[in-house]
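Coordinate-derived values only; no laboratory data. Quick caveat: nothing in here was measured; it's all calculated off a predicted structure. Cβ coordinates were reconstructed from backbone atoms using ideal geometry, including for glycine residues, and neighbour counts include every protein chain displayed.
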Amino acid sequence: MKIFGRVLVLAMAVIFVSVGTNTSFAQAKKKKLKRCKDGEVSKVVDVKYEKGENLPFSIKASLTGKDGDAKTGLGWMVHRRLGNCLACHEISKVDKMSAKTPRLKVVALNGKASNQPLGVHGKIGPTLDGLAARYTVGEIRMLVVNPKKVFPETIMPAFHRNKGFTRVFPDCKDKTILSAEQVEDVVAFLKTLK
């Protein structure tokens with residue numbers, strides 16, 4: 001019985017060593033995941049917070065000096081690794097669109113296209129229906145850029161900041177979720193929700 005036990009231990013050691021030296025296994029262990037791969041940027045536009053009409057703060061000036069594109073903004077909002085707004089917010093307009101078009105083609109800043117689903121909405125955050133009737137454009141912009149400025153306990157991320165986060169993946173360090181142009185595109189879409 002002792003011999004059988006020694007043979008078993010020896011066989012397990014051989015298997016462990018052969019798996020440990022297997023080239024593909026060793027390479028797979030070393031391969032790092034790249035989570036920020038959609039063209040996220042490091043540049044953050046300096047914003048001027050001003051007093052809002054309905055909220056304590058507002059960012060009245062466009063981050064780019066021009067209006068964004070609403071259709072493109074919807075793409076950033078539904079993209080699972082960028083805005084991902086539908087994970088937490090319900091938008092009736094988008095839900096109705098999903099009946100005809102269940103997926104939306106989105107081209108990220110890195111040039112890669114993906115088809116993002118329109119029909120799955122979360123209920124963690126408030127509905128975005130009527131958002132433009134409740135807030136000014138500057139307040140909407142501020143809520144996208146840094147909602148924690150007004151709601152410090154929110155789980156909604158600051159989409160146009162690159163500092164002050166905890167537990168950030170190394171390849172995402174010092175990057176924004178959305179660029180200034182993407183923020184303005186999202187604001188352009190949100191302005192349509194009256």
**Request:** Determine the shape class of region 47-89: with a ≥ b ≥ c the square roots of the Cα gyration tensor eigenvalues, call it rounded for a/c under 1.5, and otherwise prolate if a/b is greater than b/c, oblate otherwise.
**Result:** oblate
**Prompt:** How high is the FRET efficiency from D95 to F165, r the C-beta distance, R0 25 Å, rounded to 0.05?
**Reply:** 0.20
**Message:** Contact order normalised by length for region 116-171, with contacts defined as Cα pairs under 8 Å and 6 or more residues apart; what percent is it?
**Reply:** 20
**Asked** Which of the aspartates and glutamates could a cross-linker bridge to K175, judged by Cα under 20 Å and excluding same-chain residues fewer than eight apart?
**Response** D38, E40, D46, E184, D185
**Complete:** Averaging 1/r across every pair of distinct alpha carbons in region 59-113 and inverting yields a Kirkwood hydrodynamic radius, in angstrom, of 12.7
**Request:** Multiply the residue gap between A70 and K148 by 0.36 nm, knock off their C-alpha separation, and tell me the result in nm, one decimal place.
**Result:** 25.7 nm
**Message:** Beyond a 18 Å Cα-Cα separation, which of these cross-linked pairs lie in this structure: K60/K123; K37/K100; K66/K191; K71/K194; K71/K163?
**Reply:** K60/K123; K37/K100; K71/K163
**Request:** Averaging sequence separations of C-alpha pairs under 8 Å and six or more residues apart, then dividing by the length of region 76-194, give the relative contact order as a whole percent.
**Result:** 26
